[in-house]
1. Would you confirm whether or not segment 6-18 contains a residue that is open to solvent by 80 Å² or more (accessible area, probe 1.4 Å), assigned to a loop (DSSP other than H, G, I, E, B), of a type in the set (A, V, I, L, M, F, W, C) and at pLDDT below 95?
2. Would you check which residues across segment 25-56 are in contact (Cβ under 8 Å) with a residue 40 or more places away in the chain and open to solvent by 60 Å² or more (accessible area, probe 1.4 Å) and list them?
Amino acid sequence: MDSLPDLSGWAIAGGVAVVIAAIAAIAERRRNNRKNIEKVGFMPWPFVMLMSLLFAAISIGLAFKGH
């Protein structure tokens, strides 16, 4: 059991990034289904989701690699 690397840091960062991606997906869905067409908003939710999923993939990959 002592030979296992510490995966907590990268795994936690990846988990947080997945949560941010989920929030961005929900926000984008709400923006697409809004009732008032004039209230668009300013946040680029697809870009936020893409970047957080990319960070999640990299950090979880590093957690599995053991760095």
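The values are calculated or read from the model by the stated rules, or taken from the named source; none is laboratory data. What you see is a predicted model; the values in this text were computed from it and never measured. Heads up, the Cβs are rebuilt from the backbone with ideal geometry, glycines too, and the neighbour counts pull from every protein chain shown. Only protein heavy atoms, including side chains, enter the accessible area calculation; ligands, DNA and RNA are left aside. Shrake-Rupley method; radii C 1.70, N 1.55, O 1.52, S 1.80 Å.
1. no
2. Applying the first criterion (in contact (Cβ under 8 Å) with a residue 40 or more places away in the chain) to segment 25-56 yields 55-56.
Answer for segment 25-56, where residues must be in contact (Cβ under 8 Å) with a residue 40 or more places away in the chain and open to solvent by 60 Å² or more (accessible area, probe 1.4 Å): just Phe55.
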